[in-house]
1. Check GLY123 against each of (1) surrounded by 15 or more Cβ atoms within 10 Å (Cβ to Cβ); (2) assigned to a loop (DSSP other than H, G, I, E, B) and name the one condition it does not meet.
2. Got a sec? Which of GLU73, GLU121 is of a type outside the set (S, T, N, Q) and without any contact (Cβ under 8 Å) to a residue 40 or more places away in the chain?
3. Go through the residues of segment 132-147 one by one and say whether even a single one is surrounded by 15 or more Cβ atoms within 10 Å (Cβ to Cβ), aromatic (Phe, Trp, Tyr), assigned by TED's automatic domain parsing to the domain that holds ASP272 and not in a loop (DSSP other than H, G, I, E, B).
4. Considering only residues that are within 12 Å of ligand 1 (Cβ to nearest atom) and either touching a residue at least 60 places away in the same chain (Cβ under 8 Å) or surrounded by fewer than 16 Cβ atoms within 10 Å (Cβ to Cβ) (or both), which ones fall in segment 170-192?
5. How many residues, within segment 171-219, are more than 19 Å from the chain's Cα centre (by Cα) and among the polar types (S, T, N, Q)?
6. Output the number of residues of segment 1-23 satisfying the condition of being out of contact with any Lys or Arg (no Cβ under 7 Å at 6 or more places or on another chain) and of a type in the set (Phe, Trp, Tyr).
7. For segment 1-37, give me each residue that is hydrophobic (A, V, I, L, M, F, W, C) and open to solvent by less than 30 Å² (accessible area, probe 1.4 Å).
Amino acid sequence: MTSAEEIEHFFQVAKLLTLEAAEVIKDGINELKDIETKSSDKDLVTKYDKEVERLLFEKLSNEFPDHKFIGEETSSTNKEIPELTDAPTWIIDPIDGTTNFVHRFPQICISVALVINKRLEIGIIYNPCYDEMYTAKKGQGASLNGKSIRPSSTKELKKSLVNLETSALFTTSKTDIGLARFNAIIEVAHGVRTIGSAALALAFVARGIIDVFHMDGLKSWDVAAGCLILTEAGGTIIDTKGGIFNFMAPKVIAAANEVLAIETSKLIIETDLKTLRKRLKKN
Ligand code: 2AM
Ligand code: CA
């Protein structure tokens, strides 16, 4: 069993190191960047992503030599995601919103989560552009720059502001499914936004400025910290098809509450059925 004091120590160290690593992003944001691509032409990485991850891995493992790590850039370089065990494991996205970072669009964050016994214990999301730090510890609520946050009280999709993302749409064979979901949600909701960072989208639901966030095809580092911050703030996160959310294989519906999450999931299931029927008719 890890004691509350130990968790608090892990949290304080991780918070300081996140702020230190954020200096790399601040130094880099206005520079012209050499861009490499990963899984597709739209999946970008820069030397800054790699440097932030290296710095966090190195300094956290100096502090906590028996802890394990799962990070976006290391996994991408090794072409393998480490298996999650019961050992304390830091799940890190060094820059979530890399495309934003490349374009100097200021929705960028470092996302750091600590998982122990496969349970999320700590979530930290920091946007250096606005100096906004979202934090959560299991069972202790969530805050933004030290002030407690709550999701909105919106209970209907027709009164919601929804965040949807486009990055996965054109890199899979599911473009028709994704676009139909976009259309269906645009038709119903007050409005749709695409901020370019899954971690920040989860934090925005947690703080009540977005009511619903949906995206499939994500990875653990995109969602681990945000998942804890959202649930600790009082929000809901479910699998897109309505089941229990798995942060190691994330298909996300994050919402201010369960009612809104279920309404969104039902709409997506109905929409997918219509899309699949259309596919069958074509063939
Ligand atoms: P990233 O910025 O770390 O790449 C953008 O729509 C959101 O989706 C970001 O959180 C982005 O993370 C994430 N994402 C996950 N898979 C992606 C992919 N294959 N291409 C681009 N963005 C991806
Ligand atoms: Ca990411």
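1. (2)
2. Being of a type outside the set (S, T, N, Q) and without any contact (Cβ under 8 Å) to a residue 40 or more places away in the chain holds for just one of GLU73, GLU121, which is GLU73.
3. Among the residues of segment 132-147, not one is surrounded by 15 or more Cβ atoms within 10 Å (Cβ to Cβ), aromatic (Phe, Trp, Tyr), assigned by TED's automatic domain parsing to the domain that holds ASP272 and not in a loop (DSSP other than H, G, I, E, B), which makes the answer no.
4. PHE170, THR171, THR172
5. 4
6. Initial filter on segment 1-23 (out of contact with any Lys or Arg (no Cβ under 7 Å at 6 or more places or on another chain)): 1-6, 8-10, 12-16, 18-23.
Of the ones still in play, those that are also of a type in the set (Phe, Trp, Tyr) are 10.
Adding up the residues that qualify gives 1.
7. Listed by number, the residues that qualify are ILE7, PHE10, PHE11, VAL13, ALA14, LEU17, ALA21, ALA22, VAL24, ILE25, ILE29.
Residues checked against (1) within 16 Å of ligand 2 (Cβ to nearest atom); (2) among the acidic types (Asp, Glu); (3) surrounded by 15 or more Cβ atoms within 10 Å (Cβ to Cβ):
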| site | (1), (2), (3) |
| --- | --- |
| SER39 | yes, no, no |
| ASP49 | yes, yes, yes |
| PRO94 | yes, no, yes |
| GLN107 | yes, no, yes |
| SER111 | yes, no, yes |
| ILE116 | no, no, yes |
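The values are calculated or read from the model by the stated rules, or taken from the named source; none is laboratory data. What you see is a predicted model; the values in this text were computed from it and never measured. Using ideal geometry, Cβ is built from the backbone for each residue, glycine included, and neighbour counts are taken over all protein chains shown. The area values use the complete protein model at the heavy-atom level, side chains included, leaving out ligands, DNA and RNA. Shrake-Rupley method; radii C 1.70, N 1.55, O 1.52, S 1.80 Å.
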